[in-house]
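First the structure, in the form of structure tokens, and then the observations on it.
The values are calculated or read from the model by the stated rules, or taken from the named source; none is laboratory data. None of the values given here were measured: they were computed from a predicted structure. Glycine gets a Cβ as well: all are built from the backbone with ideal geometry, and neighbour counts include every protein chain shown. Each accessible area value is taken on the protein alone, full model and side chains, heavy atoms only, with ligands, DNA and RNA left out. Shrake-Rupley method; radii C 1.70, N 1.55, O 1.52, S 1.80 Å.
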Amino acid sequence: MPANSKTLRSASALVEAQLIKPERVDALQNVASRYAVAITPALVDLIDTADPHDPIALQFVPDERELETRLEETADPIGDEAHSPVPGVVHRYPDRALLKLLNACAVYCRFCFRREMIGPGRGALTGSALAAALDYIARTPQIWEVILTGGDPLLLPPRRLKDVITRLAAIDHVKVIRLHTRIPVAAPERVTPALLRALRTGKATYMVLHANHPRELTGEARAACARVIDAGIPMLSQSVLLRGVNDDVETLGALMRALVECRIKPYYLHHADLAPGTAHLRTSIAQGQVLMRALHGRYSGLCQPHYVLDIPGGHGKSPIGPSYLSADGSQITDFKGARHAYPPRVGD
Ligand code: SF4
């Protein structure tokens, strides 16, 4: 059980927990009134307060630099709004749609790409908005997969989640339901039998865990993931490449291995989005490609996520390499960095 029992939600609570120095309280209260703060007991317990560069603290403890917005940063960096036919639905790709049930999370990540839209009190879809969202999905037969995201859908009470999932599963052309969540690491105690029963629908249901550092996979988090997988729900992961958190191959490799050991297949490594006030946490794409090459050279194929960028403006995700094939297709680079002609020259 975590030693702390309450979620920290204000700069003064962070001072009390010794996560920030008292002299920063005013500045960080300004940040907290702009972008929501919440750090759950499970994550507070993981923070080493003696380490000024602690990778868990960097993800959740607010920073004065969040109030510095760069020209290229925008409130809706991945363009959800441009692809929202009805409130709560984002329909960007032909065969899948997002259903955003609520705008709250158990923890608020400092690099969140939806940070302008989420926070406590930002509400959930009303009954009539949910009916309109489900109606849109029901009359759009090309939607094969629905992704419940938010906010964090697992924050909903199991009964409400069950109602939504049952109604979704009743739509014949919806064959796959996917939930994006941080709950198993942020609040593993919420993965209860009632929650797991709520996810049982008869349709293929997947859970995608957001985790960025191997320390997040504590014993409790691993046990929560095992409960999900043992209930017949396969798990994938998504991580965000973050400066100072996981931008070295040892940490990234340890994260991917920890996920695979938990039977979670690494799916996406996101290049950090151009969300306002997050420049201090972003790497360059070139750095990300060097890391991906190193990961490929040293770790099992099971540990390889797709490195992707959400193209600003709502144009969707694209893999961003690195590429192992030369532009003309005549040379291929192996996992040690050596180049080979393709097809091999006769006599090679
Ligand atoms: S859990 Fe996801 S939606 Fe919630 S704050 Fe973190 S990145 Fe944003």
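Here are the numbers for the structure shown:
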item: Hey, residue 269 under 24 Å from the mean Cα position of the chain (by Cα) and touching a residue at least 40 places away in the same chain (Cβ under 8 Å) or not; result: no
item: Residue 181, sole failed condition from (1) in contact (Cβ under 8 Å) with a residue 40 or more places away in the chain; (2) of a type outside the set (A, V, I, L, M, F, W, C); (3) at negative phi; (4) within 16 Å of the ligand (Cβ to nearest atom); result: (1)
item: Residue count, the range 221-246 (criterion: more than 25 Å from residue 177 (Cα to Cα), more than 16 Å from the ligand (Cβ to nearest atom) and either surrounded by 18 or more Cβ atoms within 10 Å (Cβ to Cβ) or among the β-branched types (Val, Ile, Thr) (or both)); result: 0
item: Filter result for the condition that a residue is open to solvent by less than 20 Å² (accessible area, probe 1.4 Å) and within 18 Å of the chain's Cα centre (by Cα), over 44, 31, 107; result: 107
item: Filtered residues of the range 71-104 (kept if open to solvent by less than 30 Å² (accessible area, probe 1.4 Å) and in contact (Cβ under 8 Å) with a residue 60 or more places away in the chain); result: 73, 77, 78, 79, 80, 99, 101
item: Residue match in the range 119-128 (condition: part of a loop (DSSP other than H, G, I, E, B), without any contact (Cβ under 8 Å) to a residue 40 or more places away in the chain and within 14 Å of the ligand (Cβ to nearest atom)); result: yes
item: Set 10, 5: member being exposed (fewer than 15 other Cβ atoms within 10 Å of the Cβ), more than 18 Å from the chain's Cα centre (by Cα) and of a type outside the set (Asp, Glu); result: 5
item: Filter pass, residue 53 being open to solvent by 10 Å² or more (accessible area, probe 1.4 Å) and closer than 30 Å to residue 173 by Cβ; result: no
item: Subset of the range 297-323 (residues that are surrounded by fewer than 17 Cβ atoms within 10 Å (Cβ to Cβ), farther than 22 Å from residue 79 by Cα and in contact (Cβ under 8 Å) with a residue 12 or more places away in the chain); result: 297, 298, 300, 302, 304, 321, 322
item: All positions within the range 264-316 that are at pLDDT 95 or above and assigned to a strand (DSSP E or B); result: 264, 265, 266, 267, 268, 269, 270, 271, 306, 307, 308, 309
item: Residue match in the range 240-250 (condition: at pLDDT 95 or above and over 28 Å from residue 277 (Cβ atoms)); result: yes
